Amino acid sequence: MRVSPIKFTLYLGTVLILALWFDASFAQKLVDPNSVAPEFRAAAEKRRAEQIKLSECNKKADQAKVLPRDRTPFVKQLFGK
C-alpha cells in the first residue's frame, strides 16, 4: 500500500502545524495579580516579579549568544539562585 506524495505532504504539514500550535500554547503566561483572589495576590505579585526577572535573564543570555547547554548555569548566575 503506497501513500501518494500529496497525501504525505498534507499529513506532514498537519503534524507540523499542530506541533507548533501546541508548543506555543504550553508557554508559561505571566501571572496577573489582579485576576487572583485577594488572599493570593501577594504570592501572585511575587511570582510575576520572578517571571519578569527570569525573562530578562533569558534575554541577556540570548544577547550574549550563550549555547543551549550553557544556558542554565548562565541564567542561574544572573538570577542569583
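The values are calculated or read from the model by the stated rules, or taken from the named source; none is laboratory data. Predicted, not measured: the structure shown is a model, and the values here were computed from it. Neighbour counts are summed over all protein chains in view; Cβ atoms, including those assigned to glycine, are modelled from backbone coordinates with ideal geometry. The area values use the complete protein model at the heavy-atom level, side chains included, leaving out ligands, DNA and RNA. Shrake-Rupley method; radii C 1.70, N 1.55, O 1.52, S 1.80 Å.
Here is how the numbers come out for the structure above:
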{"read-out": "At 0.692 mPa s and 37 °C, Stokes diffusion of the chain via Kirkwood alpha-carbon radius, µm² per second", "value": "202"}
{"read-out": "Relative contact order for the chain, counting Cα pairs under 8 Å that sit 6 or more residues apart, in percent", "value": "19"}
{"read-out": "Residue 55-residue 69 pseudo-label distance in nm [points 7 Å out on the Cα-to-Cβ vector]", "value": "3.1"}
{"read-out": "Accessible surface of residue 50 - all protein chains present, 1.4 Å probe, nearest 10 Å²", "value": "60"}
{"read-out": "Cα lying deepest toward the dipole's positive end in the chain, options 73, 38, 18, charges on Cβ", "value": "73"}
{"read-out": "Average accessible surface area per residue within the chain, 1.4 Å rolling probe, Å²", "value": "89"}
{"read-out": "Accessible surface of the chain, 1.4 Å probe, proportion on carbon and sulfur as whole %", "value": "64"}
{"read-out": "Net charge, residue 43 excluded, C-beta distance under 15 Å - Lys, Arg +1, Asp, Glu -1", "value": "0"}
